[in-house]
Amino acid sequence: MTSTPAYAPATVPLPQPKGPQLDTDALPDEPLFRPRDWAAAFTSQPQEFDYWMDEVEGAVPEALRGTLFRNGPGNFERGEHAYAHPLDGDGYVTAFSFNADGRVHFRSRFVRTRELAAEQAAGAPLYRATFGTARPGGPLSNALDIRLKNPANTNVLLWGAVPHTRLLALWEAGPPYELDPHTLETKAGGPSSLDGWVRAGKAPSTTGSFVLDRALELGSALTAHPHIDPPAPGRSARLALWKWQSQMTVTGSCMRIDVVEYDEAWKRVGGNAFQMEDSFFNPHDFGMTPNHYVFFQNATSFSMWKYLFGLAGPAQCVELVPNQPMKVHVVPRGRGPAKVYEAENAFLIHHANAFEEGDDTIVWSSGWGPEALKTLASGSGMLGSWKVLMKGDFSGIPFTSFWRHRINRVTGEVRREVLYEGQSMDHPKVNPLFAGRPTRFAYFNGSFHVDKQQLAGPPQVWTRLDAETGEAQLWSPGLRCFTEELMFVPGAGGSETEDDGYLLGMYFDAGLERSCLVVLDAADFSKGPVARLWLKHHVPHGLHGFYSEQYYGPLTQ
């Protein structure tokens, strides 16, 4: 891609709303984004980089002395064959390393999965993928093939004290791949089993028999959304991971979910297992309180025949069921059966935090409410038409809001309340040192404003929400810019003061055809970024990331 030097990124002044609704009269009358600008970030990035960043506006705070890892699809075609969905692209991991002098080093690498190596050699897709990409040749070429490509493209996790440190590239329908945190090179040997806990296979499914599963080459899958329980008196931090398998039964189907907690030496120190009945589609995320794991079972159906006959990828075979209740599974952290409650139907995507107040378990989440589910279930499918969405057409994607679910573990009552609906939003975050504790502030990316039809728009704004007052502070890098997930880095007092810290976020500037890393003050978005760090190129729209206090950049400048 070539840059356009005459274009300078401009901050768009947004009004500070008194409540959760934005004053849309202050925004321009013309369309807030150009579809081709959004689509430009879905251009493959074939290059891998390794350089010191020398275009910095502002100053990098002293609190940032570590490494930000991010992951997302890096390519959207193989040879002459375009992928059917952006999430079928191969994982492209990036690392921003902040050294002791405040300089920042950038590095990027593709995750060298077995499938990537084979498809690079062939110059064409060789595997079916989760979101619809298939081998050339149509249904006859893909029918009865249940082996899925592992793109390792959804999240990245660094965990473990030296010498037990592991950097994992995660995907939620298979095992992770382990990377070298210093170089981002993929470690040899294929996907990691995490010491035998996760097993690679054709599909994350089980017959109920270990021997038969082995014979049929069935495996298990690891979540792409781990959670870290921060340190508490008398114990260090813990990592919670969960694996899953689908199982067909006489009466239908179920999900077998196994949660494990690890200490910083990767020793198992807790967990639990349960079954999610009448489900073939695993939850995307989960919540964790000091005493429980919380899983929301969205009401969905699965068209097995479409998948087996090669007509669609597994995610395309999932349909929402608007008239069935959502189920909430509250699972003890340790021994004991899960309790299942029913709630008003919704489809929850990502969870910002979960905590307990007396008999109530409270979860903050982004997702679609009942009205949005009716739109999705009316023919556009679970995620609408991604082919047009990639081109900037959001007309088939309904509005997402920020919800609070309050689950009373004694009465079984589940109440849903809206925390914020001023923008179509996602990727909510809180201070990670407050995970499992009552929180006041949340941070996320979202669209400019509420559309008259309550339809979604692309993420172009970052928002700081005060859930107590409803006040929202917003900052946008510009009308031709598109924002991604924020990562909260606590400051020196971050364990006591909730908004003490900084937010790191990537955005793509379509005018410059470049990407930028922004540093925002967690206590005040209205003043704009503390620093902007410009890349020399673009990075495609990414997914999730992880910040480590350890520096993994070059030892010399």
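Report, to one decimal in Å, the Kirkwood hydrodynamic radius for segment 101-155 based on all distinct Cα pairs. Taking the inverse mean of 1/r over all distinct Cα pairs, segment 101-155 comes out at 13.3 Å.
Given (i) 32, 28, 26; (ii) 40, 31, 24; (iii) 36, 32, 23, which label gives semi-axes √(5λ) of the Cα gyration tensor in Å as computed from the coordinates? Computed from these coordinates, semi-axes √(5λ) of the Cα gyration tensor in Å corresponds to label (i). Here the scattering of segment 212-280 is modelled by Debye summation over its C-alpha atoms, one equal scatterer each and no solvent; at q = 0.19, 0.22, 0.23 Å⁻¹ the log10 of I(q)/I(0) is -0.82, -0.96, -1.01.
Sorted on the mean count of surrounding Cβ atoms within 10 Å across their residues, most packed first, peptides 239-246, 407-414 read 239-246, 407-414. Measuring nothing but alpha carbons in segment 139-235 and taking Rh as the Kirkwood radius, the Rg to Rh ratio lands at 1.05. Checking the a/c ratio against 1.5 first, then a/b against b/c, what shape does the Cα gyration tensor give for segment 301-345? Oblate.
Per-atom-type breakdown for segment 433-557 gives carbon and sulfur 47% of the accessible area (1.4 Å probe, protein chains only). At a probe radius of 1.4 angstrom, the accessible area of the chain per residue rounds to 40 square angstrom.
The values are calculated or read from the model by the stated rules, or taken from the named source; none is laboratory data. This is a predicted model, so every value here is computed, not measured. With ideal geometry, Cβ positions are generated from the backbone for all residues, glycine too; neighbour counts draw on all protein chains shown. Areas reflect the complete protein model, heavy atoms only, side chains present, ligands, DNA and RNA absent. Shrake-Rupley method; radii C 1.70, N 1.55, O 1.52, S 1.80 Å.
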